[in-house]
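Comments concern the structure below.
The values are calculated or read from the model by the stated rules, or taken from the named source; none is laboratory data. Because the structure is a prediction, the values reported are computed rather than measured. When we count neighbours, we look across all protein chains shown, and the Cβ atoms used for this are built from the backbone with ideal geometry, even at glycine.
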Amino acid sequence: MSDLYPYLGALLVLGTMAATWAARLGHASRHQAPTATVFTAHEPGTRWLACHATRCAHMTTRHRPTADGAWTCTGCGTTTGGEA
Ligand SMILES: [Zn+2]
């Protein structure tokens, strides 16, 4: 009986591989469902500027103009000059 242990182990490994492969196939087919692309309108007057605040991490975010000519980041609320 002990001679069969390596074969039983191999069968267990192959069975596990087959099960994970089938699960992966099912997972992949679910992800192929078409998804609608969502378009959003820009706020009028906003500009894409680099925000150097820690929260935005120097990424380019939308900025709203302020009354005194500066720009307020829509991501974190930091106000910077227009040349940023
Ligand atoms: Zn920001």
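Assorted remarks:
- Here is the figure for segment 40-72: residues that are free of Cβ contacts under 8 Å to residues at least 24 places away in the same chain and hydrophobic (A, V, I, L, M, F, W, C) total 7.
- Leading residue by the ranking (nearest to the ligand (Cβ to nearest atom)) among those in segment 53-68 that are polar (S, T, N, Q) and either under 19 Å from residue 42 (Cβ atoms) or assigned to a strand (DSSP E or B) (or both): 61
- Per the conditions (1) surrounded by 10 or more Cβ atoms within 10 Å (Cβ to Cβ); (2) under 25 Å from the mean Cα position of the chain (by Cα); (3) hydrophobic (A, V, I, L, M, F, W, C); (4) more than 9 Å from the ligand (Cβ to nearest atom), the sole criterion not satisfied by residue 71 is (2).
- Hey, residue 30 within 30 Å of the chain's Cα centre (by Cα) and modelled with pLDDT of 80 or more or not: no
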